[in-house]
Structures are given as C-alpha cells and as structure tokens.
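Novice: I am attaching a structure below and will ask some questions about it afterwards.
Where a number appears in this text, it was derived from the coordinates with a stated rule and is not lab data. Computed from a predicted structure; not experimentally measured. As a convention, Cβ positions derive from the backbone with ideal geometry for all residues, glycine included, and neighbour counts pool all protein chains shown.
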Amino acid sequence: MKKNHIGTIQKIEEINRNVYSIEFSASSLTNIEPGEYISILCDGLTLRRPFSVADFKNGKITVLFKKKGKGTQYISSLKIGDEIEFSAPLGNTFSIENKKTLLIGAGIGVAPLFYLNKKLKGIGVETFFASGFLSTEDILGEFDFASTDDGSNGNKGSICDYLESLIVDFKPEKIVSCAPHPVLKIVSETAQKYGIESEIAMEKIMACGIGICRGCVIQVKKDGRIQNATVCKDGPVFKGEEVVW
Ligand SMILES: Cc1cc2nc3c(=O)[nH]c(=O)nc-3n(C[C@H](O)[C@H](O)[C@H](O)COP(=O)(O)OP(=O)(O)OC[C@H]3O[C@@H](n4cnc5c(N)ncnc54)[C@H](O)[C@@H]3O)c2cc1C
Ligand code: FES
C-alpha cells in the first residue's frame, strides 16, 4: 500500500555522463517489487518525480536516474546523509515466473530490469539481458549483449535491430522490456510475431500519480474491448499484446 517515507542517502554518484546512482535507506519501507516505482519529493516542486527501483536489498533502495530538468537537478545535488522524501510502493509489478526470459532495455530504461533480472536469477530462471545505448561510455553496467547507436562497442544500431536474432538464438518464453515508447512498440509487435508473451513498462508524464487526474491514460484491449488504463496506477507494467499503440 502506498505510503510516505523519509529516507537517508547512503551513496550518490555520477556513474556515467549525466546518469546518477543514488542509494538510500528508509526503515518504514519493508519491501518493493520489480516494476513498482517510487515518487520523490523535490525541493520547491509541487509534483513528485517518478523513478523505478534498480535494486532493493537490506532495506536500501537504489535508483538510477538521468539528469533532465529541475527535479533531477535537485536530486543530483543531494549529499550523503541528506534526507529524501518519497512515496512507495507505487504501481504494479512485473510478474516473477519460471519462464526463460529475454530482457530488453534502452538507455536509462534498463533501471528496473536490473532488479527484475536479479530476482529472476535468484529463483533460477534463465535470462538474457540486452540493452541499447548511445555510445560505449553510456553503457550502464553488465549485459549479456549491448548495442550502441554509434557502433563504438562493435554492435552498431538500436537494440531493436538485434531483437529478432536475439529471439532466434535465445528462444525465450517471455520478453520483458522497459525502454522509450518506439522500442516498446517494436518489442511488443515482434513478440507477437513470434508468439511469445511480453510485459512492458510504460512511461508517461505523471501529475497526481494516483489514478485521479487521468493525465497518464493509455488504451488497452481487455475482455474483447478497448478500455482506458492509467500508467501510474494500473501500470506501469502491461502485457505487450494488450496495449493499443
Ligand atoms: C514509472 C516511471 C518510472 C521512471 N523511472 C525512471 C528511472 O528509473 N530513471 C530515470 O532517469 N527516469 C525515470 N523516469 C522518468 C523521470 O520520471 C523523469 O525523467 C523525471 O520526472 C524528470 O523530472 P525533471 O524535473 O528533472 O524534468 P522536467 O522535464 O523538468 O519535468 C517536468 C515534468 O515532466 C515530468 N516528466 C518529464 N519527463 C518525464 C518522463 N520521461 N516520464 C515521466 N514524467 C516525466 C516530470 O515528472 C515533471 O512533472 C520514470 C518515469 C516513470 C513514469
Ligand atoms: S498521473 Fe494522474 S492519473 Fe496517472
């Protein structure tokens, strides 16, 4: 159930150009699952900023974020020992199933997939983690496969250019993705082409974050008809084949 928490920053560092890793503890938060997100109060800003959880262990949350505007500028200025106020857990979760899973990220979209990959491996699920980045210096962590737009790591192009060969080689039973909208659309359509189930984490600009303002509505096909769904409350995780693009 959603609750407000006050955390204390244990670690904050710029791990790549404009990308930060922040780790904080909050004794009131006992658990958060992969896919669920938190919403951080930023000094002087009315609307909290939503972020995925890249890891949660020993009561500590890790968030990876890209510096964009006022909110992320503020978070990047925090120091070890500073307090951070956030709401959590928010949204729904990826399903944790014993199915051979291909994880597809792109840029900062990989953040929640690190946590999901860790959980899946922890219960013995075979996974293959692939992601696309702009350049080698933007690659965030360890992957089974990474592509770069400029080809500087030897695999030139979008991760979508490699999707079909990854499916053919790895033969997943399930594909999970968190990435920009055009990548999610391709992942969802390609998964359907190969008859593989998919789960995708959508991103939409959020205002209320609790399903009231209807600012983050998308359309989904459910029970044979098209319905509205909020990314903030019904999502952010949806079945790829359900989303109306
Ligand atoms: C469920 C979810 C999970 C996310 N997880 C991450 C993450 O793990 N790491 C990360 O770097 N970013 C993540 N984002 C995007 C992140 O929320 C935005 O980059 C951030 O809110 C930008 O705030 P800002 O004030 O710095 O930028 P500004 O551009 O000044 O923001 C202005 C307004 O737009 C909203 N906004 C801007 N861009 C986005 C966006 N892409 N998505 C949603 N709202 C946006 C802000 O919340 C704010 O209300 C996530 C977004 C969602 C919806
Ligand atoms: S942000 Fe208000 S309904 Fe989703």
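Novice: Kindly indicate whether residue 111 is closer than 25 Å to residue 87 by Cβ and either buried (at least 23 other Cβ atoms within 10 Å of the Cβ) or among the aromatic types (Phe, Trp, Tyr) (or both). Give the steps one after another, and end with the answer.
Specialist: Values: closer than 25 Å to residue 87 by Cβ: yes; either buried (at least 23 other Cβ atoms within 10 Å of the Cβ) or among the aromatic types (Phe, Trp, Tyr) (or both): yes.
When the stated conditions are applied, residue 111 passes them.
Novice: Identify, please: which residue in the range 18-35 is farther than 29 Å from residue 198 by Cβ and in a strand (DSSP E or B) and is, among those, farthest from ligand 1 (Cβ to nearest atom)?
Specialist: Ranking the candidates gives 25 first.
Novice: Name the pairs: first residue in the range 204-232 and over 17 Å from residue 88 (Cα atoms) and free of Cβ contacts under 8 Å to residues at least 24 places away in the same chain, second residue away from ligand 1 (no atom under 13 Å from the Cβ) and of a type in the set (Asp, Glu), Cβ to Cβ under 9 Å, at least 6 apart or on different chains?
Specialist: Filtered contacts from the range 204-232: 221/241; 221/242; 222/242; 229/242.
Novice: Another question, if that's okay. Checking residue 108 against (1) over 24 Å from residue 211 (Cβ atoms); (2) assigned to a loop (DSSP other than H, G, I, E, B), which single condition isn't satisfied?
Specialist: Here residue 108 clears every test but (2).
Novice: Pairs only if they're at least six apart or on different chains, beta carbon under 7 angstrom, first in the range 15-32 and over 19 Å from residue 74 (Cα atoms), second small (Gly, Ala, Ser); list them, first residue then second.
Specialist: 26/7; 27/59; 29/88; 32/88
Novice: Another question, if that's okay. Is the range 182-199 home to any residue that is within 16 Å of ligand 2 (Cβ to nearest atom) and on the phi < 0 side of the Ramachandran plot?
Specialist: Checked against the condition, which is being within 16 Å of ligand 2 (Cβ to nearest atom) and on the phi < 0 side of the Ramachandran plot, the range 182-199 yields no hits at all.
Novice: Same structure again: I need the full set of residues from the range 46-78 which are within 16 Å of ligand 2 (Cβ to nearest atom) and touching a Phe, Trp or Tyr at 6+ places or on another chain (Cβ under 7 Å), in order please.
Specialist: Of everything in the range 46-78, those that are within 16 Å of ligand 2 (Cβ to nearest atom) and touching a Phe, Trp or Tyr at 6+ places or on another chain (Cβ under 7 Å) turn out to be 50, 51, 52.
Novice: Mind telling me which of the residues 15, 38 ends up being out of contact with any helix residue (DSSP H, G or I) (no Cβ under 7 Å at 6 or more places or on another chain), in a strand (DSSP E or B), within 16 Å of ligand 2 (Cβ to nearest atom) and closer than 18 Å to residue 111 by Cβ?
Specialist: It is 38.
Novice: Let me ask something else. Could you figure out which of (1) over 22 Å from residue 202 (Cβ atoms); (2) part of a helix (DSSP H, G or I); (3) in contact (Cβ under 8 Å) with a residue 24 or more places away in the chain isn't true of residue 141?
Specialist: Answer for residue 141: the failing condition is (2).
Novice: Take residue 87 and decide whether it is within 16 Å of ligand 2 (Cβ to nearest atom) and not charged (D, E, K, R).
Specialist: Numbers: within 16 Å of ligand 2 (Cβ to nearest atom): yes; not charged (D, E, K, R): yes.
So residue 87 passes the test.
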